[in-house]
Amino acid sequence: MWKFKESMLGNDDDEGSREGFLGEESDGFSSLSPMQRVYAFAAFFVAGLACMILSLIVFAKPIKFAVLFTFGNLLAVGSTAFLLGPVQQMRMMFDSTRVYATAIYLGCVVLALICALWIHNKILTIIAIISELCAFIWYSLSYIPFARRMVSGLMMRLCDTEL
């Protein structure tokens, strides 16, 4: 947090290195100031949320809905690359604790686009979007300590069907 505050205020004593907010090199975004990276993150995140919300307008047309929703989803997830840098983002996405969640999420994104753009089946597209949304939630929970374990336990209690 201290590094974040210092980089936001411009009090970096070490002018030679451009570190990201988490202490790593910010890779391709080193020419951007820390404040510009925050603005870029906010812009991409808001654009992603706007695409996801606007996709509800075309919900009656599942193919357009799927493309717009998936594009917004990818914008929102990719926005954090401005804060961390693309290499650190990929490192965190494919960390051993969330590699399966990432693979399932990316697979559902590809599946939704295939159903929407190639198969043109509305029912399959809606099922793929629901799967994508569930995978996105599970992927997001992987960043919160013990969240997946807590949600799994809650779902087991709610769906327990013992007689």
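The values are calculated or read from the model by the stated rules, or taken from the named source; none is laboratory data. Computed from a prediction, not measured in an experiment: that's the story for all the values here. So basically every Cβ, Gly included, is an ideal-geometry build from the backbone, and we count neighbours across all protein chains shown. Heads up: the accessible areas ignore ligands, DNA and RNA and are worked out on the full protein's heavy atoms, side chains in. Shrake-Rupley method; radii C 1.70, N 1.55, O 1.52, S 1.80 Å.
Which residue out of Gly72, Gly85 is closer than 30 Å to Gln36 by Cα and more than 11 Å from the chain's Cα centre (by Cα)?
Within the list Gly72, Gly85, the selection yields Gly85.
Do we have any residue at all in segment 127-136 that's under 21 Å from Ala43 (Cβ atoms) and either touching a residue at least 12 places away in the same chain (Cβ under 8 Å) or open to solvent by 40 Å² or more (accessible area, probe 1.4 Å) (or both)?
Going through segment 127-136, the residues under 21 Å from Ala43 (Cβ atoms) turn out to be 136.
Narrowing the set further to residues that are either touching a residue at least 12 places away in the same chain (Cβ under 8 Å) or open to solvent by 40 Å² or more (accessible area, probe 1.4 Å) (or both) leaves 136.
Yes, there is a match, as at least one residue in segment 127-136 is under 21 Å from Ala43 (Cβ atoms) and either touching a residue at least 12 places away in the same chain (Cβ under 8 Å) or open to solvent by 40 Å² or more (accessible area, probe 1.4 Å) (or both).
Residues that are open to solvent by 70 Å² or more (accessible area, probe 1.4 Å) and of a type outside the set (Lys, Arg): find the helices (runs of 4 or more DSSP H) completely inside segment 28-118 holding 3 or more of those. Write out each step before concluding.
Details: elements: 34-54, 62-78, 81-84, 86-93, 99-114.
It comes to 34-54, 99-114.
As an exercise: evaluate Tyr143 against (1) assigned to a loop (DSSP other than H, G, I, E, B); (2) open to solvent by 100 Å² or more (accessible area, probe 1.4 Å) and give the number of the one condition it does not meet.
(2)
Residues of segment 102-157 being among the charged types (D, E, K, R) and over 18 Å from Ser55 (Cβ atoms), which ones?
Of all residues in segment 102-157, those among the charged types (D, E, K, R) come to 122, 132, 148-149, 157.
Correct list: Arg148, Arg149, Arg157.
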